[in-house]
Amino acid sequence: MLSSVLLLPLLISGAQASFYGVVFNYAFGDLQPGGYAGYAVPYDLKVSFNSCEEFNTLNCYGYCSGPPYSIDEIGGEWCQKGHAGTFYSPYLSTLTQLVSASAWTENRNGIVSSRAFLQFDLRNRSDINKPNSSPRTTILPLVRVPSNCQRNINLLVSDPDGDDSRCRYAAAPECDICTPPSVLNISPSCSLSFSPTNSSDEGPYAVQMVVEDFPRQNITLTDSSGSQVMKTPSDSISSMPVQFVFKVDPAAPSCTEGEFLPRFLPPTPQNGAQIFTNVNQTVQILLRAEATQAETMELLFSGPLGLTKSSSGSGNFTLTWTPSASGAGLDHHLCFVVQANSSGSIYQSDLRCIILTTGSNPVTASPPTTTTPPTTTTPPTTTTPPTTTTPPTTTTTTPPTTTTPPATTTTTPPTTTTTTPPTTTTSPTTPPVTPPPPTTPPPSSNPNLTPASESYYVLALNAKLSTSLSLKNESATIIKLIKDEMVRQGLPAGIIVELLSSGGVQVAP
């Protein structure tokens, strides 16, 4: 059997660096060699430290494609950045890598040196006729909870191949010191549970987890030499690290959400929601939270390349994302919390995670898609006749190139550019034409994942409808034509289309 080692050393210079965790995902597209270099394997690496300056000393020794991209930070506490690129495997084989960075930030469970183990399996699978892709997930560098409040953290994990994803604490040699947090229990379904504890247990804990994928039936893996091995539903295929800091804060005056601990309100997406978009199509995710006893609130997130945040007032936030071609056809995980400050004490909301699914069809000059979850208090979205309103300006982050930098290079943040998409007015004939549909997402193994049919999303259509039918006497026929075309373009068959008295068209799930 052929084997090789992926050299991806991550080293931090300087004694003052404080490590806050790492998350790694990789994918495999069509089974095609990447030229002389070998088979192309896109990856996404997120690393967190006490400050962004510490991340900038990270050296990938030629194995990180391009500069890092900024994700999010909170000054004086943590900074998360990422590398999105491609490495090349000369053979279809198994790859292992031990990753180490600086010393962990101070923690109660005695973890000093950082260490993470990556297990790739790039042999061809008999069930899908291509190599394996790892489970996909992400996490904030720091998750916190008051010592007197119950909290369940449901880590959202999906698998591109439809495998069963399971979580566990790391064990040697996947970590240097592998002592798990005494205050946090983990289940195979990737749910972390915290129960109220004594003040003596307060403080930060280093969390070193592993997420693995298991086939749902017996499969055969074949390497480049033709050697084969069978994997059963009891055998893991790949193993990826998920590491972060869990902090037990002093007791809160109240554990009731919405008072000191922020509470999410509509139109915030539910945990596990799935949102669809295409390359170059901007999506805006509206978030709202309240904490009546808080003085300030801010949004913190971990997500894909190019995601930006903004605030339109206390407790009202917007996440904006325009996927690039490098992320086409992939599920991108996004996790977020709202953090409140009251009299110097910090309180976090529950952690919510959603999936952003990117289709492979590029879209030109598309207005932003605004997403909201299903709720009885949110009115249905209305698509009105065309106006000459300019779509809001969207901020995107230029993706890193896939050119391998020279050895021992220091990465720098990418350049951020601002572009304004042009305003377009479409004049279709009957039946009307709708915007390009979202692609069907791959199956997920996470029990908390909301099926696509339960997701609530909004497509803004700026169009002029021309027809010889009478709006007054033949409205039923017009509605049927519009609905049939929307269903044909990929929207759910259960959508409701109504003609408003103003002449606009109302669409609801």
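The values are calculated or read from the model by the stated rules, or taken from the named source; none is laboratory data. Fair warning: this is a prediction, and the values are worked out from it, not measured in the lab. In this analysis, Cβ positions are derived from the backbone assuming ideal geometry, glycine residues included, and neighbour counts consider all displayed protein chains. What goes into the accessible areas is simple: the full protein's heavy atoms, side chains included, and nothing from ligands, DNA or RNA. Shrake-Rupley method; radii C 1.70, N 1.55, O 1.52, S 1.80 Å.
Per residue, the stretch 70-165 exposes an accessible area of 29 Å² to a 1.4 Å probe, with every protein chain left in place.
Here the stretch 181-196 and the stretch 72-96 have alpha carbon centers that stand 26 Å from each other. Note on K130 and V229: the extension gain reaches 34.2 nm, defined as 0.36 nm multiplied by sequence separation minus the Cα-Cα distance.
Counting only protein heavy atoms and using a 1.4 Å probe, the accessible area of T256 comes to about 80 Å².
Straight-line cross-link partners of K46 among the aspartates and glutamates, defined as a Cα under 17 Å from its Cα and at least 8 positions apart when in the same chain: E54, D72, E73, E77, D331. Accessible area per residue was computed with a 1.4 Å probe on protein heavy atoms; S310 scores about 60 Å². Summing +1 for each Lys or Arg and -1 for each Asp or Glu among the other residues whose beta-carbon sits under 14 angstrom from that of N152 gives 0. Local charge sum around S239 (other residues, Cβ-Cβ under 10 Å, Lys/Arg +1, Asp/Glu -1)? Once positives and negatives cancel, what remains is -3.
In this structure the stretch 199-322 gives 35 Å² per residue of accessible area when probed at 1.4 Å with all protein chains present. Between S345 and S113, the contour length at 0.36 nm per residue exceeds the Cα-Cα span by 80.5 nm. Here the stretch 45-181 exposes an accessible surface that is 47 percent carbon and sulfur, computed with a 1.4 Å probe and the other protein chains kept in place. Label zone (T296, point 7 Å along Cα-to-C-beta; backbone nitrogen cut-off 20 Å) within the stretch 131-162: 141-145.
Each of S100 and T222 was given a label point 7 Å from its Cα along the Cα-to-Cβ line. The distance between the two points is 4.0 nm.
Accessible surface of E53, taken over heavy atoms with a 1.4 Å probe and every protein chain present, rounds to 130 Å². Within the straight-line cut-off of under 17 Å between alpha carbons, the aspartates and glutamates reachable from K480 are E498, sequence neighbours fewer than 8 places apart in one chain being disregarded. Surface listing: M486, M297, M230 arranged by accessible area from highest to lowest gives M230, M297, M486, probe 1.4 Å.
Local charge for L330 was computed over the other residues whose Cβ lies under 13 Å away, with Lys and Arg +1 and Asp and Glu -1, and equals -3. 3J(HN,Hα) along the stretch 101-107: 10, 7, 5, 4, 4, 3, 8 Hz, from the Karplus curve 6.51 cos²θ - 1.76 cosθ + 1.60 with θ = phi - 60°, whole Hz, x for Gly and Pro.
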